[in-house]
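Below is one structure, written out as structure tokens, with a few remarks after it.
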Amino acid sequence: MIRSTHLPLLITLATFVLAYALCASAYPAMLSWRVIANLLTDNAFLGIAAVGMTFVILSGGIDLSIGSVIAFTGVFLAVILRDTSIHPLVAFALVLTLTTGFGAAMGATIHYLEMPPFIVTLAGMFLARGAAYVLSTESVPITHEFYDTLQGLYWKVDGARFRLIGGLMVLTFLVGIITAHRTRFGQNVYALGGGEQAAKLMGVPVARTTIGIYAVSGGLAGLSGIVFSLYTSAGYSLATVGVELDAIAAVVIGGTLLTGGYGFVAGTFFGILIMGLIQTYIVFDGTLSSWWTKIVIGGLLFAFILLQKGLTWAAQKRAAQARRRTATGSAALS
Amino acid sequence: MSSPPVGPRPSILKRIMPQLLILGVALALNVAVFPEFFQIDFRNGRLFGNLIDVLNRGAPVALLCIGMTLVIATKGIDLSVGAVMAIAGAVAAAMVVEGHGWGTAVLAALAAGGLCGLWNGFLVAVLRIQPIVATLVLMVAGRGVAQLVTEGKILTFDNPGLIHLGAGTVAGVPTPILIWLALAALVTFGVRKTALGMLIEAIGINERSSRLAGINSRVLLICVYLVSGLCAALAGVIVAADIKGADANNAGLWLELDAILAVVIGGNSLLGGRFSIIASLIGALIIQSVNSVILLSGLPPEFNLVIKALLILGILVIQSPRIGNFIYLLRASGPQPQPEPPHSTQEEAAR
Amino acid sequence: ADLTIGFSQIGSESGWRAAETTVTKQEAEKRGITLKFADAQQKQENQIKALRSFIAQGVDAILIAPVVATGWDEVLEEAADAEIPVVLLDRTVDADKSLYLTAVTSDLVHEGKVAGEWLVSEMNGANCRIVELQGTTGSSPAIDRKAGFEQGIAGHDNLQIVRSQTGDFTRAQGKVVMESFLKAEGGENICALYAHNDDMAVGAIQAIKEAGLKPGEDIKIVAIDAVPDAHKAIADGEMNATIELTPNMAGPALEALEAYLADGTEPAKWIQTESKLFTAKDDNLAIFNAKKDLGY
Amino acid sequence: MKDTPTHPMPVLHARGISKFFPGTIALDDVDLRLMPGEVHALLGENGAGKSTLIKCLTGAYRRDAGTLMLDGQDVAPGSTADSQLLGIGTVYQEVNLLPNLTVAENLYLGRQPMRRGFIARRRMNAQARDVLAGYGLDIDPAEPLTAYSVAIQQVVAIARAVEMSGKVLILDEPTASLDRDEVQLLFGVIRQVKARGLAVVFITHFLDQVFEISDRATVLRNGRVVGECLLRDVTQRDVVTMMLGRQLEAQVKTRDTGRPGKTLLDIKGLGKRGMIAPFSLTIREGEVVGLAGLLGSGRTETANLIFGAVPADHGQVLLRGREIGLRNPRDAVAHRFALCPEDRKIDGIVGDLSVRDNIILALQARQGWMRPIPRAKIEEIAQSYVRALDIRLASLDMPIRLLSGGNQQKALLARWLATNPDFLILDEPTRGIDVGAHAEIIALIEQLRADGMALLVASSELEELVAYSTRVIVLRDREQVSELTGDQITPDNIINAIATEDAA
Ligand SMILES: Nc1ncnc2c1ncn2[C@@H]1O[C@H](COP(=O)(O)OP(=O)(O)OP(=O)(O)O)[C@@H](O)[C@H]1O
Ligand SMILES: Nc1ncnc2c1ncn2[C@@H]1O[C@H](COP(=O)(O)OP(=O)(O)OP(=O)(O)O)[C@@H](O)[C@H]1O
Ligand SMILES: [Mg+2]
Ligand SMILES: [Mg+2]
């Protein structure tokens, strides 16, 4: 059943479809399996991290550390696979534990020390990237046959390759959607976003939820780091600088309010695709200079925000009218 | 009739005491890694010493955090200041390269910064876009605009007037120090000697109520972003003048984060409300002192970020309200002063 | 035939790179080639995306200035699958050599070594305490130019690097870090500065002047890139040497590509550009004037 | 009813509860005994410590001293979640639900029906519908909470608390934003709960309601218990005296309908589509116009429209015969209008600002930022109103959000009185105000009127309206339906006016 609350999601979906149609009419080659496969593969790491970011933002927080955590994960994996003989799967488990713990620690700091997430995760951002530097400043290649096996897993259609990591992203989104809407944890996340004070008085376990949220974000950043290491077969301490801003932009374009409480994990998926589409379009165009690229990206970001704002306004107006009707109807209770 | 209890107004010194203490510790760390830290000479017509460097190099962040403090007081945030710095620097450089005087160039740069501020303010106050997203737009696009002005080059200039703003001295004191001190004094005075400060705090705490109380929150919001844009423009001019060139790609890169950090270290809440520009400025100096420790320590650069992160974390933990409460409780748990039931006086008054 | 070539550039983080972009566009235009330009804003993931989009678009060839050496195998394989030749500009990659047509680069380690050797001969056995301004931590030029310089001065105990800190390849940081070097070591105790690029050296020169010392005399300065401002500084006697990294990587690359596309001529796997040393002996003013409109 | 509650064991027994805030002793050695199957009223002036006591009992605040026994067992709930698990359901003073969730999600937050590890949404919605039907609400629980009026939200909050309460149900001023009918409905629920043997704590400033539903009362004053009594044995007067520590002078109604002054405001066909039907209204100096109506009848919206808080889309306003534009509150304030809003938390207080700044805020806004009010003047204004309205505070420097609800309301009144308005709009001025202050505010309104001010007062309390209005406008369904003047103004007539329309 479609409800007014689903409107932002529908708007994002519509925006994506519309934008894709426009791009395809300009460059018919964009209507190919390759482009679709590329959208999934190339944005896999960003998408996975953005799922975590969606939870954080839904709860009214923000996580600036994910770009650094991704880089750290890559370097950690590369160094450990280079210097020891442990199996990548063990290394994955290790690094996921580490990043989840890191996220949980940030969540605990935010909750127990009552510090704003922006600042705590900013310090986390410095720390994670610093740790990556300390491990290795050079880019460390990963050469392990298990990596080759994983990279060799793809499904080929018309020269397009649907790779494992793209599938992993889709899976992450599915799990994220179910978690957000069908579990108590998910409901508590929304509750926190609706108002921490009220949520607390309603008995939401604020400490546990806050720590959980940042742990999820850290863990997914770790997963994203694993995906990024599969994507580039290397660990590099300078990688994925500023990815947190991309993730935030994707979440916002996906219809989630930065103030928390309102939004959908599924919206972020389309937010990611829209951002990927913008980049693909710019490359297909190929005439923009370095600076015009930046200006156009900023401009398109603005256009999407504006479009969303306009549609939301229209929807709210309609909802307000509907509300008046309901209110009148129920004013005479009993 | 007795009057209601008033209590002394919290003094400024008390408000900034934690920041001053932390600054003291940061400076002490500097001395620990470099004993002659406090030595100041007069050399080559200018004051020369590490302490002067801290004040001088702190100028961009100090300037940014003046505007940022006001923006944050309104519950906003301005991510675009770094990009605005780049634009302003580029505009100033382009103007003098074209042969205009330095005064015109600075005015043009300020105009550009002001325009950016107005744009942000428009998005936030009129279109009601959340500040972090609204300013993200300019953060992304602004650097492009700056590069458009410089066409991607480092636009070098040798206009002595302009250069003086960044690298010159007045009576031996580097000009940037004087500029940020003057602007800080001006803005602090401007918001505290008028009612602006209180009105800004009010809209930061509860905009709806403030509007209903008759405050023109829209104009005030736009003004605040305008000030932030102007501060950023000034910082951009100084940074360009300092290196005699506008480096559109790198000028002010990630400085927005430092500015926000300075405001938070200054004890201002990111949730808006009460603010202190002086405390933010001390925050900026703390950050610069931390940078100075890193440079003077001689450790390899791969440790820079870890050191910075740990120091910042330490500073923030010390400042956390929880820890503050804890200390308060520790102090209070001594011999309990037996406060009078606070209402008794009024009750008499009521009868 | 009308050729369409995709060019994935790292970004525009320095004057040198802007010049490389300008020259590449000029070279393509000269040859009547349609150049699809994609700026990656210093991000590898954007470069990979650009490459994939080029492939999807079906360009005839791809030029790429890779931001980092690792991580290109997959996408290069896809290009090879689609039979699109790839030429690397100004930096190489770790991938199998069969995956790209050729690489047009300078030798970063060699550049550093030239700088080191210049300083060795300049000092001629005198004791010298050197400070070093590194590039962005973790970037390959920073790593290689540091290693090369250390090779260059190896075995000369009179030369000693006393401080080394990152200046992020920028003028502003170059100046800031130099200021702290001057204070921490004392300006009179520093005999030479080695900067990983000219921009940082230009910033450092100002710091040295503000400290009341004479750059180029009191402190010898050697850096890399040979951007116009460095030539100017040498001409003014404020800097001593710079090693050229030519922005014209596209010329040889496009030549090789055209030959390959025309009749399958396989070029050499590595086309090395010259790392030329410029000192006060050269006519720096003339070079400055020649270079200043290249978009540096 | 059962006989005197001589039950051997209280359900909940709190002993020696103390709570200190910086500068305030909010609770000082407070005992509270709740018997099963009993409605226990907690009474006291504004700031007496009622809400604080509730928060200490339910773990929302950490108490500084005291013990809690539930069914004879020592308990120490560390958080609201704990107290919910113990079977204590609570409605806190301000509506505390989550506006971003649906009605059902709010109702079941934390104890959603699960199926194979996942929330069974369909079942949750169905259950929610059933539960709410028990409260006479026929609404779609899958709609967002904000789709419904504040009254409905209040009922949802109560339903949630009732569902939570296995042993104790605590209601902190639940009736403040409810209508008579809704109050009766709530009382029905309370009686059911009581019949199930639960203990109910009921906090309100409406003494009629206290005597109607409660069995026993504990009275607090200045954070101390001043008495516990069986309500059967005492009169309202006794209770008031206990609360205030003094006698409340009998209210003398001296309505003076004569001598209306010059016409101040002439409103012609002001309205906004979809919000309120166009209405016309003339207000003279020295006149109090009351706005009466059911919940949601549009009183607040009328007030907001006249104040420019919501811009009108047709009609005009003449001030002393000259047309003025009211596009926003700033215009209104400039014309010496004042509006003391209904929802003080959202529309009124600026929480983190000091009480002092809150009081001078509107005056300063009218003067403009260029002309700051001198400190001495600020101090004088703030102190004089604190004294005049008897605002209880530890210091003028304390953030206003730390004041008790009723004292916040008084501080807001002070804010607007400080602007010395010509036209004062009061929307529910006595909501959450204690009996003593209630009388004072009514007296104040009368005083202001006598001084020649024009007032428009929206209120749900008919007695109060009758006490001070020179004219009463009755609204229904966002439309002005009738007007009562002079001796017509009696509670019965007002009810009739509302009801007649109802029948029509
Ligand atoms: N967090 C706090 N910090 C400081 N003082 C507080 C705090 N919370 C409440 N107070 C003070 O404690 C006292 C009791 O407040 P409380 O809210 O319990 O009163 P109340 O009896 O519920 O009044 P009302 O009927 O107005 O709701 C008041 O004087 C109030 O100012
Ligand atoms: N904050 C709000 N969110 C949603 N709807 C609201 C809100 N405030 C008011 N409404 C709607 O507007 C209707 C009219 O409310 P209004 O407050 O004008 O009525 P009123 O007669 O003043 O009633 P009250 O006694 O509650 O003040 C309400 O029934 C409600 O449906
Ligand atoms: Mg209360
Ligand atoms: Mg109302």
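The values are calculated or read from the model by the stated rules, or taken from the named source; none is laboratory data. Everything quoted here is computed from the prediction, not taken from an experiment. Cβ coordinates were reconstructed from backbone atoms using ideal geometry, including for glycine residues, and neighbour counts include every protein chain displayed. Just so you know, the surface numbers come from the protein's heavy atoms only, side chains and all, with ligands and any DNA or RNA stripped out. Shrake-Rupley method; radii C 1.70, N 1.55, O 1.52, S 1.80 Å.
Just a few scattered comments:
- Reported count of residues in region C:18-46, each being assigned to a helix (DSSP H, G or I) and in contact with a Lys or Arg (Cβ under 7 Å, 6 or more places away or on another chain), is 1.
Each row is one residue, and each column tells you yes or no for (1) outside the structural domain of residue D:469 (by TED's automatic domain parsing); (2) farther than 19 Å from residue D:466 by Cα; (3) part of a strand (DSSP E or B); (4) within 16 Å of ligand 4 (Cβ to nearest atom).
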residue: D:278; (1), (2), (3), (4): no, yes, yes, no
residue: D:288; (1), (2), (3), (4): no, no, yes, no
residue: D:291; (1), (2), (3), (4): no, no, yes, yes
residue: D:295; (1), (2), (3), (4): no, no, no, yes
residue: D:301; (1), (2), (3), (4): no, yes, no, yes
residue: D:304; (1), (2), (3), (4): no, yes, no, yes
residue: D:311; (1), (2), (3), (4): no, yes, no, no
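- Cβ-Cβ under 6 Å pairs, at least 6 apart or on other chains, region D:172-186 side more than 10 Å from chain A (Cβ to nearest Cβ) and within 11 Å of ligand 2 (Cβ to nearest atom), far side among the β-branched types (Val, Ile, Thr) and outside any loop (DSSP other than H, G, I, E, B): D:177/D:150
- Boolean, residue D:138 is within 16 Å of ligand 4 (Cβ to nearest atom) and either over 19 Å from residue D:90 (Cα atoms) or in contact (Cβ under 8 Å) with a residue 40 or more places away in the chain (or both): no
- Test: residue D:31 is open to solvent by 30 Å² or more (accessible area, probe 1.4 Å) and more than 14 Å from every other protein chain (Cβ to nearest Cβ): yes
- Per this entry, residue A:186 is not counted among residues that are within 12 Å of another protein chain (Cβ to nearest Cβ) and assigned to a loop (DSSP other than H, G, I, E, B).
- Helices (runs of 4 or more DSSP H) (entirely within region C:218-296) containing at least 2 residues that are open to solvent by less than 40 Å² (accessible area, probe 1.4 Å) and more than 29 Å from residue C:7 (Cβ to Cβ): C:228-235
- Considering residues of region C:154-168 that are assigned to a loop (DSSP other than H, G, I, E, B) and more than 8 Å from every other protein chain (Cβ to nearest Cβ) only, the residue most open to solvent (accessible area, probe 1.4 Å): C:157
- Failed condition for residue D:478, given (1) open to solvent by less than 50 Å² (accessible area, probe 1.4 Å); (2) within 19 Å of residue D:182 (Cα to Cα); (3) within 14 Å of chain A (Cβ to nearest Cβ): (2)
- Qualifying positions in region D:336-352 - within 7 Å of chain B (Cβ to nearest Cβ) and buried (at least 20 other Cβ atoms within 10 Å of the Cβ): D:339, D:341, D:347, D:348, D:349, D:350, D:352
- Selection status of residue D:115, modelled with pLDDT of 85 or more, touching a Lys or Arg at 6+ places or on another chain (Cβ under 9 Å), more than 16 Å from ligand 2 (Cβ to nearest atom) and open to solvent by 20 Å² or more (accessible area, probe 1.4 Å): yes
- Subset of region B:99-122 (residues that are crowded, with 24+ Cβ neighbours inside 10 Å and within 14 Å of chain A (Cβ to nearest Cβ)): B:116, B:120
- Pair list, Cβ < 9 Å and 6+ apart or interchain, from region D:454-466 residues that are within 14 Å of chain A (Cβ to nearest Cβ) to residues that are more than 16 Å from ligand 3 (Cβ to nearest atom) and part of a helix (DSSP H, G or I): D:460/D:180; D:460/D:299
- Restricting attention to region D:54-76, the residues being buried (at least 19 other Cβ atoms within 10 Å of the Cβ) and within 25 Å of the chain's Cα centre (by Cα) number 7.
- Within region B:124-145, considering residues that are part of a helix (DSSP H, G or I) and more than 22 Å from the chain's Cα centre (by Cα), the one farthest from the other protein chains (Cβ to nearest Cβ): B:126
- Of the residues making up region A:29-52, those that are in contact with a Leu (Cβ under 8 Å, 6 or more places away or on another chain) and of a type outside the set (S, T, N, Q) are A:39, A:44, A:48, A:49, A:51, A:52.
- Annotation: residue A:106 fulfils all but one of (1) over 15 Å from residue A:215 (Cβ atoms); (2) touching a Phe, Trp or Tyr at 6+ places or on another chain (Cβ under 7 Å); the unmet one is (1).
- Members of region C:99-117 found to be in contact with a Lys or Arg (Cβ under 7 Å, 6 or more places away or on another chain), open to solvent by less than 10 Å² (accessible area, probe 1.4 Å) and more than 14 Å from residue C:251 (Cα to Cα), listed by number: C:111, C:112
- For region D:117-130, residues that are farther than 11 Å from residue D:141 by Cα and more than 10 Å from chain A (Cβ to nearest Cβ) total 1.
- Test result for residue B:33, in contact (Cβ under 8 Å) with a residue 12 or more places away in the chain, farther than 23 Å from residue B:170 by Cβ and surrounded by fewer than 20 Cβ atoms within 10 Å (Cβ to Cβ): yes
- Of D:51, D:79, all but one fail to be open to solvent by 10 Å² or more (accessible area, probe 1.4 Å) and within 27 Å of residue D:397 (Cβ to Cβ); the exception is D:51.
- From the list D:316, D:408, D:367, the one residue that fits, being touching a residue at least 40 places away in the same chain (Cβ under 8 Å), on the phi < 0 side of the Ramachandran plot, more than 26 Å from the chain's Cα centre (by Cα) and away from ligand 2 (no atom under 16 Å from the Cβ), is D:316.
- Residue within region C:171-194 that is touching a residue at least 60 places away in the same chain (Cβ under 8 Å) and assigned to a helix (DSSP H, G or I) present: yes
- Boolean, residue D:295 is open to solvent by less than 10 Å² (accessible area, probe 1.4 Å) and either away from ligand 3 (no atom under 16 Å from the Cβ) or modelled with pLDDT under 90 (or both): no
- Restricting attention to region D:90-110, the residues that are touching a strand residue (DSSP E or B) at 6+ places or on another chain (Cβ under 6 Å) and either under 26 Å from residue D:222 (Cα atoms) or within 16 Å of ligand 3 (Cβ to nearest atom) (or both) add up to 4.
- Apart from one condition, residue D:199 fits all of (1) modelled with pLDDT under 90; (2) surrounded by 16 or more Cβ atoms within 10 Å (Cβ to Cβ); (3) more than 16 Å from ligand 3 (Cβ to nearest atom); the exception is (1).
- Residue match in region B:36-46 (condition: more than 11 Å from every other protein chain (Cβ to nearest Cβ), open to solvent by 30 Å² or more (accessible area, probe 1.4 Å) and either free of Cβ contacts under 8 Å to residues at least 12 places away in the same chain or within 30 Å of residue C:213 (Cα to Cα) (or both)): yes
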